[in-house]
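Asker: Next up is a structure, given as structure tokens.
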Amino acid sequence: MKMAGFYDESISNGLGWRAVLFCSGCPHHCPNCQNLEAQDFNYGQDFNEDEIMKKINDNSIIKGVTLSGGEPLCPQNIKDELHFVKRLKKEKPNFNVWCYTGYTYEELKARNDETTNELLDNIDVLVDGRFVEAKKDPDLMFRGSSNQRVLDVKECLKENKIVEVKF
Amino acid sequence: MQVIKRDGRVVDFNKERIVKAITLAMAQTQGGVDIDLANKIAGEVEKQLEGKGQTSVYEIQDLVENKLMGSSRKEVAKSYITYRYNRDIARKSKTKEVFLDIIGAKANDITRENANMNADTPAGMMMKFASETTKPFVDDFLLSPDVRQAVKDGYIHIHDKDYYPTKSLTCLQHPLDRILENGFRAGHGSSRPAKRIETASIIGCISMETVQNEMHGGQAIPAFDFYLAPYVKKTFIEEIKKEEELLDKDLSNLYNYSPKEYIKKELKGLTGEERDVQAAINNTVNRVHQAMEAFIHNMNTIHSRGGNQVVFSSINYGTDISPEGRCIIREMLESTYEGVGNGETAIFPIQIWKKKRGVNYLPGDPNYDLYKFACKVTAKRFFPNFINLDATFNQNEKWNKDDPHRYYYECATMGCRTRVFENRHGEKTSVGRGNLSFTTLNLPGLAIESALEAQEKTGLKFELGRGSEEKMTDKYKKTVKKIFMDKLEEYANITAKQLYERYRFQCTAIAKQFPLLMAGMWAGSEKLGPNDSVEPVLKQGTLGIGFIGLAEALTALIGKNHAESDEAQKLGLEIVGKLKELVGEFSDKYDLNYSVLATPAEGLSGRFTKIDRKKYGTILGVTDREYYTNSNHVPVWIKCTAEQKAKIEAPYHDLTRGGHIFYIELDGDATRNPETIEAVVDLMDKYNMGYGSVNHTRSRCMNCGFENSDANLHKCPKCGSEEIDTIQRITGYLVGTTKRWNSAKLAELNDRVTHNTGIKGA
């Protein structure tokens, strides 16, 4: 997997201070994408899990990690993301994981795919859905357009229905 | 050929003027006038300038000086230089240019020295005229020769030099209880003791506004919650009495009732005494809220100090756990969160949360709920900042949780960072005390000079600045450090002496020159009569030795700054540690409270750099930017995590008892994420830092009220309006528009990194 960027710490990609991993490559091609260059699977540098884990372990201010991109959950990226998240949960059991995806939760469930399901089991909050320019709203929290949702994945899986995070 | 005169006028070249000047200089010497030599030199100068369309008086004078130095009459050169210097003093021709700039409301660095001041108003201009004319007066007549030279050469900078002749002191932490309980006289009116929250809050404003006119620095209230709490209770009783009248009922048994919490509740369903009490509480809370709103509004609108500046006001609070104190804190936070006018962020007062374990920091602490709220307010409004009372150096062992006056032993700060606490002439407290004056050392200037001397001494020759460390030998490093430390001591000594001289000058004032300040507000002044000298009480204040550009100085000395190498950090701590040690010696020598200050350098941030670049040229990592980094800060352009920054800057807090601050730049809108503010306070707690806050941007659409954290917001994404107001922080103060920033500070702003660049997040 290629990495389009990495934030050591950020306050605007989920609650609390979080590290943010931007993978490269995205199949959705939403019009007016804010990271157009990251749609290319060859953009950026190689993802080095050891290096990223070291940065995370050295920083006591962060309390979680956000997966962004690019598209972390597309077939080309998902295996590396899963490996990373499992290691993260092992080394930092108290960290929560947010994930931005252009797929909807329903699409991901419908995949009926082991890797996807295992990753969802390890994700706490999923911001799902493609970016839709016509539904863009600057007042929204942690997302760009109103069709996108901030989902409490644990509750979604438990209740087997859509549960959004309340702010 | 034409000559540009000092005042900008252009006149024709006249050789006779040169002859006249030389003969006048000759007349002052033993050898007397030699008209032939004078004619000869004037002729040579004219020849040398031949072909030039235009020249300046300065250029001609330099040529004359050189010719005289090369002639047989060197003593005439000396006389000529002295003559020229005296003429310069007499002329002060620069004044005219400066005045023209002020009149023309031109945005240059003279009128932009102070981002919070509007120098375009008549009162503002009047102040600038005065300011620009007193500075040269101070140089010529109030400074001793070695100090004057050190200032002129750019080694030291005397802050608020324009106020020097007025004998004013810098700042004060107001003991507000004195005037609230006793009333006071200011201007043409006197005020009786306060009886209710509205008057108490307004008296707080008046106190700061009045004393601001008597000083040259900021005004602060060290324990806002403790001081105003009694008036919440008085207001409650007043409300009970109103009910008595309204209901024609005796409720005097409730005068001594102590509400457990002043929180509004619906009256529906409440009966009897419970209802009477709750109604009074509801009305009290409303009145306290309005009083806090009025306080904020007043501090942002009433211009003091000649009518051109709002007060540089700060309030410290957070540790009063009484229901009344908590009410003050809660309503101040509420009002701040709501904003002024149509919900705009208030610039003043700077609010400072006094963070203390056992009181308000940990879950279970009595004011923990208000601390959480404070973080939420900071996320949206930049304030409150946080002073860490748990830092080892911010504690006073006399503090006792059952002492109703325990705030007296709590360290308070001026919003800008000035800290007054330790005291060799009385109790360790901030209350009723302040800084007398402060002067800043140019560390990069001293470092460059030391490096050049070390090269000479060791025979090494290389370009200074970033990347130079590979060329350095151990011997060179030892040599340059020794030279630098010696110079540091030399100029710290000059600074200490200068501060002492200013102190002696301040001591010649009598109490009535500072009508409110010296009538009981300044510690000990209650014992002074109007015509008494202020000398006996001035020793309660502090004398600050500040420094600028540690990062650039280290780069000049060893090729890297303290964020780039452990070796540089070690040296940085030695340098500031040396200053702290010297300040201890000065305190003993002069028997005064000297302290090291991590200077908040607004007007200064570009001045030293300009001087040094002119002297030494552009040096990579040293003089290659428009500004020097403030005090011991990690340069704003360095990419490092908040925790790395904390680790580097924290140890300097203990060394800089005259004041320090820790900042974190946020990469987005914390309004949605207040726990990130708590994380910054946690860093302060973890690394024993004294005072800190967050920097972020708030852009606001003046049309529809939309707000976000985009510093480059030019068009509102909601309504499309281009009326955008952007607030940022400059040396501790918030500034509503960057138009009032000077060029060096603007350059610094542009270099500030939020550490997350390239790819965009949410």
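Only the coordinates and a few stated rules stand behind these numbers; no lab work does. Note that this is a predicted model, so its numbers are computed, not measured. Here the Cβ positions follow ideal geometry from the backbone for every residue, glycine too, while neighbour counts run over all protein chains shown.
Asker: Placing +1 on the Cβ of each Lys and Arg and -1 on the Cβ of each Asp and Glu in region A:2-159, which of A:SER146, A:ALA38, A:ILE11 has its Cα farthest towards the positive end of the resulting dipole?
Answerer: So the residue furthest toward the plus end is A:ILE11.
Asker: If packing is taken as the average count of other Cβ atoms within 10 Å, what order do B:509-519, B:543-553, A:68-78 fall into, highest mean first? Mind dumping the intermediate values first?
Answerer: On the way: B:509-519: 19.7, B:543-553: 29.7, A:68-78: 23.5.
In descending order of packing, they fall as B:543-553, A:68-78, B:509-519.
Asker: Tell me, how many Å apart are the Cα centres for region B:671-709 and for region B:463-498?
Answerer: Their Cα centres are 38 Å away from one another.
Asker: So how do B:628-640, B:29-41, B:574-586, B:521-533 stack up, highest first, on mean other-Cβ count within 10 Å?
Answerer: Top of the packing list down: B:628-640, B:574-586, B:521-533, B:29-41.
Asker: Explain nothing, just the number: dipole magnitude of the protein assembly as shown about its Cα centre with +1 on each Lys and Arg Cβ and -1 on each Asp and Glu Cβ, in debye rounded to the nearest 20.
Answerer: Roughly 2220 debye, rounded to the nearest 20.
Asker: Counting only other chains, what is the mean number of Cβ atoms within 10 angstrom of the Cβ of each residue in peptide A:134-141?
Answerer: Mean shielding by partner chains, rounded to a whole number: 3.
Asker: Quick one: go through region B:175-200 and flag any residue whose amide nitrogen is under 18 Å from the point 7 Å out along the Cα-to-Cβ line of B:LYS512.
Answerer: Flagged as within label range: B:185-190.
Asker: Counting only other chains, and only Cβ atoms inside 10 Å, what mean value do you get across the residues of A:11-23?
Answerer: On the way: counts 22, 14, 7, 4, 5, 6, 12, 3, 1, 5, 0, 4, 0.
Going residue by residue through A:11-23 and averaging, the value is 6.
Asker: Let me ask another. If you add up the charges near B:LYS428, with Lys and Arg at +1 and Asp and Glu at -1, over every other residue whose beta carbon is less than 14 angstrom from its beta carbon, what do you get?
Answerer: Overall, the nearby charge balance is +2.
Asker: Per-residue ellipticity at 222 nm for the protein assembly as shown, helices alone: DSSP H runs ≥ 4 residues times -39500 (n - 2.57), over residue total, nearest 500 deg cm²/dmol?
Answerer: Only helices count here, giving -13000 deg cm²/dmol.
Asker: Then there is this: For chain A, what is the convex hull volume of its Cα atoms per residue in Å³?
Answerer: Numbers: hull volume 18.0 nm³, N = 167.
It comes to 108 Å³ per residue, whole-number rounded.
Asker: Just to verify a number: FRET efficiency for B:GLN28 and B:LYS610, C-beta to C-beta distance, R0 = 51 Å, to 0.05?
Answerer: Computed FRET efficiency for B:GLN28 and B:LYS610 comes out at 0.90.
Asker: Between B:LYS760 and B:ASN342, what is 0.36 nm times their sequence separation minus the Cα-Cα distance? Round to one decimal in nm.
Answerer: Contour length minus the Cα-Cα distance gives 147.4 nm.
Asker: Relative to the present Cα-Cα distance, how much length would full extension add between B:VAL11 and B:SER190 at 0.36 nm per residue of separation?
Answerer: Going from the current span to full extension adds 58.4 nm.
Asker: Across peptide B:657-666, how many C-beta atoms of other chains are within 10 Å of each residue C-beta, on average?
Answerer: That works out to 1 on average.
Asker: Scale the Cα Rg of chain B by the rule-of-thumb value 2.2 N^0.38 Å and send over the ratio, two decimals.
Answerer: 1.07
Asker: Ok, one more. In the protein assembly as shown, if the dipole is taken from +1 on Lys/Arg beta carbons and -1 on Asp/Glu beta carbons about the Cα centre, which of A:PHE167, B:GLY426, B:TYR500 is farthest to the positive end?
Answerer: Farthest towards the positive pole: B:TYR500.
Asker: Given that compact globular proteins tend to follow 2.2 N^0.38 Å, what is the ratio of the alpha-carbon Rg of the protein assembly as shown to that value? It would help to have the intermediate numbers written out before the result.
Answerer: Working: Rg = 31.9 Å, N = 929, 2.2 N^0.38 = 29.5 Å.
For the protein assembly as shown, the normalised Cα radius of gyration comes out at 1.08.
Asker: Working from the pairwise distances between different alpha carbons, so that the mean of 1/r is found and then inverted, what is region B:258-362's Kirkwood radius in Å?
Answerer: 15.6
Asker: Over chain B, calculate the relative contact order: mean separation of alpha carbon pairs under 8 Å at least 6 apart, over the residue count, as a percent.
Answerer: Values: 1382 pairs, mean separation 93.0, N = 762.
Once divided by the residue count of chain B, the mean separation gives 12 percent.
Asker: State, in angstrom, two size descriptors of region B:663-730 derived from its alpha carbons: Rg to one decimal place and Dmax to the nearest whole number.
Answerer: 14.6, 46
Asker: So for the pair B:TYR85, A:GLU37, with labels modelled 7 Å out along Cα→Cβ, what separation do we get in nm?
Answerer: Simple spin-label model gives 5.8 nm for this pair.
Asker: First measure r as the distance between the Cβ atoms of B:GLU273 and B:ALA294, then evaluate 1/(1 + (r/R0)^6) with R0 = 41 Å and state the FRET efficiency to the nearest 0.05.
Answerer: After rounding, the FRET efficiency stands at 0.85.
Asker: Give me the number: length gained by fully extending B:TRP637 to B:TYR500, i.e. 0.36 nm times residue separation minus the C-alpha to C-alpha distance, one decimal in nm.
Answerer: 45.6 nm
Asker: Could you point to the residue in B:ILE206, B:ILE759, B:GLY544 farthest towards the positive end of the protein assembly as shown's charge dipole, with +1 and -1 charges on the Cβ of Lys/Arg and Asp/Glu respectively?
Answerer: About the Cα centre, the residue reaching furthest to the positive side is B:GLY544.
Asker: Another question, then. For Cα pairs less than 8 Å apart in space and 6+ apart in sequence, what is the mean separation divided by the residue count of region A:55-167, i.e. the relative contact order in percent?
Answerer: 20
Asker: Right, something else. With a cut-off of 8 Å between alpha carbons and a minimum separation of six or more residues, what is the relative contact order of region A:115-167 in percent?
Answerer: After rounding, I find 33 percent.
Asker: With labels modelled as points extended 7 Å from the Cα through the Cβ direction, what inter-label distance (nm, one decimal) is found for B:ASN256 paired with B:CYS704?
Answerer: Between B:ASN256 and B:CYS704, the simple spin-label model gives 5.9 nm.
Asker: Could I ask something else about it? Give me the one-decimal nm value for the distance between modelled label points at B:ASN39 and A:GLU159, 7 Å along each residue's Cα-to-Cβ direction.
Answerer: 10.7
Asker: Evaluate E = 1/(1 + (r/R0)^6) for B:LYS457 and B:HIS425, where r is the Cβ-Cβ distance and R0 equals 41 Å; express this FRET efficiency to the nearest 0.05. Before the final figure, lay out the partial values.
Answerer: On the way: r = 44 Å, r/R0 = 1.06.
With R0 = 41 Å, the Cβ-Cβ based efficiency is 0.40.
Asker: Taking C-beta distances below 4.7 angstrom as the pairing criterion, name the unpartnered cysteines of chain B, in sequence order.
Answerer: For chain B, the answer is B:CYS171, B:CYS205, B:CYS327, B:CYS375, B:CYS411, B:CYS416, B:CYS507, B:CYS640, because their Cβ atoms have no other cysteine Cβ under 4.7 Å.
Asker: May I ask you to order B:706-717, B:395-406, B:664-675 by the average number of other C-beta atoms within 10 Å around their residues, highest value first?
Answerer: Highest mean packing first, the order is B:664-675, B:706-717, B:395-406.
Asker: With a ≥ b ≥ c taken as the square roots of the eigenvalues of the C-alpha gyration tensor of region A:1-56, please select rounded if a/c is under 1.5 and otherwise prolate if a/b is larger than b/c or oblate if it is not?
Answerer: Oblate, since a/c reaches 1.5 and b/c is not below a/b.
Asker: Hey, another quick one. What fraction of the DSSP beta bridges in region A:2-159 is antiparallel, stated in percent and rounded to the nearest 5?
Answerer: Within region A:2-159, antiparallel bridges account for around 50 percent of the total.
Asker: Another question, if that's okay. Where both residues lie in the protein assembly as shown, what percent of DSSP beta bridges are antiparallel, nearest 5?
Answerer: Of the beta bridges lying entirely in the protein assembly as shown, close to 45 percent run antiparallel.
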